[in-house]
1. Could you put Glu450, Glu252, Glu203 in order of accessible surface area, largest first, with the 1.4 Å probe and the full protein assembly present?
2. Calculate how many DSSP beta bridges within the chain are antiparallel, expressed in % of all such bridges and rounded to the nearest 5.
3. Output needed: Cys residues of the chain lacking any neighbouring Cys C-beta below 4.7 Å, sorted by number.
4. Where in segment 8-49 is the amide nitrogen less than 17 Å from a point lying 7 Å along the Cα-to-Cβ axis of Phe134?
5. Taking the mean number of other Cβ atoms within 10 Å as a proxy for protection, how do you rank 423-431, 152-160 from highest to lowest?
6. Compute the FRET efficiency between Asp90 and Leu451 as 1/(1 + (r/R0)^6), taking r as their Cβ-Cβ distance and R0 = 51 Å, and round to the nearest 0.05.
7. Antiparallel DSSP bridges in segment 355-444: what percent, to the nearest 5?
8. Hey, which lysines would be in cross-link range of Lys444, C-alpha to C-alpha under 28 Å, not counting anything within fewer than 8 residues on its own chain?
Amino acid sequence: MAEIMNKSSDTHRMEKIVSLCKRRGFIFQSSEIYGGLNGLWDYGPLGVELKRNLKNYWWRVMVHERDDVVGMDGSILMNRAVWKASGHEDTFSDPMVDCRVCKTRMRADQVIEKKGARQCPNCGSKDLTEPRPFHLMFKTYVGATEDESSITYLRPETAQSIFVQFKNVLEVSRKKLPFGIAQIGKAFRNEINPRNFTFRSREFEQMELEYFCRPEQGMELLEYWKEERLKFYENIGISRANLHVRNVPNEESAFYSKGTYDIEYDFPFGRQELEGVAYRTDYDLSQHQKASGKSLEYFDEETKQRFIPHVVEPSAGVDRTVLALICEAYSEDEAPDEKGKMEARIVLRFHPRVAPIKCAVFPLLKNRESLVVKAKEIVDLLRPCMTVFYDESGAIGRRYRRQDEIGTPFGITVDFETLGEKDPSLRDTVTLRERDSMKQERVKISDLLELLSMRIA
Ligand code: GAP
């Protein structure tokens with residue numbers, strides 16, 4: 001019973017999250033006015049900021065703060081030979097099953113097993129087709145003729161452009177093993193059954209690092225990157241209690257992998273993968289060397305050995321992490337209204353580092369020119385360093401509530417004390433309100449920039 005209740009409250013929670021995302025401009029259905037297109041989403045004004053903050057932080061931690069990683073930005077379309085060599089053209093498929101009664105199409109792992117019998121998760125029928133492979137890459141044609149010679153695919157992962165540029169990047173960056181190449185970019189998969197909001201989409205973004213090493217370093221680096229990646233999620237505000245590491249059994253991972261961890265998150269719809277950390281051995285570089293006839297070997301100056309490096313790959317989904325951030329941040333509590341009466345509030349408790357808007361600035365009254373001028377001065381002071389929202393409409397409590405709902409961590413109110421009208425010692429000070437605790441402190445305007453910059457770093 002408890003489980004049923006939890007399930008329904010989790011479904012309810014997810015519905016509220018989806019509705020908030022649309023209402024406040026985080027995520028919209030793609031092509032909505034035409035009825036949408038399944039598995040495709042658009043990020044609105046706040047969603048795009050959240051997504052950018054996440055990608056920028058990933059880039060900062062994975063590239064800028066390290067000596068051993070460089071970045072690249074590869075094209076989405078590549079020579080078809082890449083997909084042949086990587087094995088995607090022949091094997092990148094999911095087993096698909098159809099229900100002959102309700103016509104639901106699903107991945108084989110979505111079929112329910114009850115007392116040894118397979119059942120449709122939608123209508124319960126046992127009349128299902130046998131699983132058959134469904135190819136996940138989107139096929140397209142490059143150039144004016146649509147024939148076999150012009151076929152290629154929208155990339156299903158960003159990793160392959162890193163592998164095929166390995167030699168160029170190695171030469172220009174003059175890095176020594178171990179070193180990595182990082183990339184953030186779009187990937188496309190014609191998923192059989194996109195679902196759970198943006199969790200399984202047909203177009204999504206990945207943040208991938210291919211970390212090249214000597215063969216004997218592979219297993220140790222797999223552990224290292226798993227730990228680094230867990231730290232990353234904690235540093236963007238995802239609690240460790242909601243993160244889980246799954247040691248993927250051999251039979252589930254790629255045949256060339258010597259070890260794979262999935263980092264999973266407790267979404268309201270269940271525990272699901274956020275990121276895979278895989279030791280891919282030298283499979284990809286070997287395949288491309290064989291197929292292209294170009295050497296992708298590394299020459300070790302010290303030992304005078306030539307060999308194909310191995311690779312450990314932490315591969316994270318941008319959209320899944322954005323969804324995890326929103327799910328983690330969503331909360332409901334109570335806050336006092338204008339008259340001090342407690343009322344329900346929805347608050348997104350984003351870590352300030354990822355929050356779309358860092359700070360809101362409010363003049364206490366919009367019809368007092370001196371308050372408005374001062375508030376706008378503060379906006380101008382902060383704006384070069386952070387996203388700021390200026391709001392003068394409605395009661396101050398309402399304005400706080402609107403910002404709580406979109407996860408703005410700090411609110412600044414310019415009041416009569418700021419003007420020095422009540423107490424000259426308070427001139428040029430403001431109230432700084434913190435979203436989660438709702439605590440207010442009196443701060444000098446001249447201290448604001450440093451104080452806030454520290455808290456959002
Ligand atoms: N290069 C390795 C690779 O692509 P993957 O496990 O297939 O491995 C890595 O994908 C990550 O990309 C996943 O952990 C997930 O976060 C994200 N991802 C994969 N398919 C996705 C989809 N259909 N929608 C949203 N994100 C997806």
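1. Glu450, Glu252, Glu203
2. 85 percent
3. By the Cβ distance rule, which asks for a partner under 4.7 Å, the isolated cysteines are Cys21, Cys213, Cys327, Cys359, Cys385.
4. The answer is 37-40, whose backbone nitrogens lie closer than 17 Å to the label point.
5. Final packing ranking: 152-160, 423-431.
6. 0.35
7. Antiparallel bridges: around 55 percent, rounded to the nearest 5.
8. Of all the lysines, those that pass the test against Lys444 - Cα under 28 Å, at least 8 places apart if same chain - are Lys339, Lys358, Lys366, Lys374, Lys376, Lys422.
The values are calculated or read from the model by the stated rules, or taken from the named source; none is laboratory data. Keep in mind the model is a prediction, meaning the values are calculated, not measured. Heads up, the Cβs are rebuilt from the backbone with ideal geometry, glycines too, and the neighbour counts pull from every protein chain shown. Side chains are part of the model used for accessible areas, which takes the heavy atoms of the whole protein and leaves out ligands, DNA and RNA. Shrake-Rupley method; radii C 1.70, N 1.55, O 1.52, S 1.80 Å.
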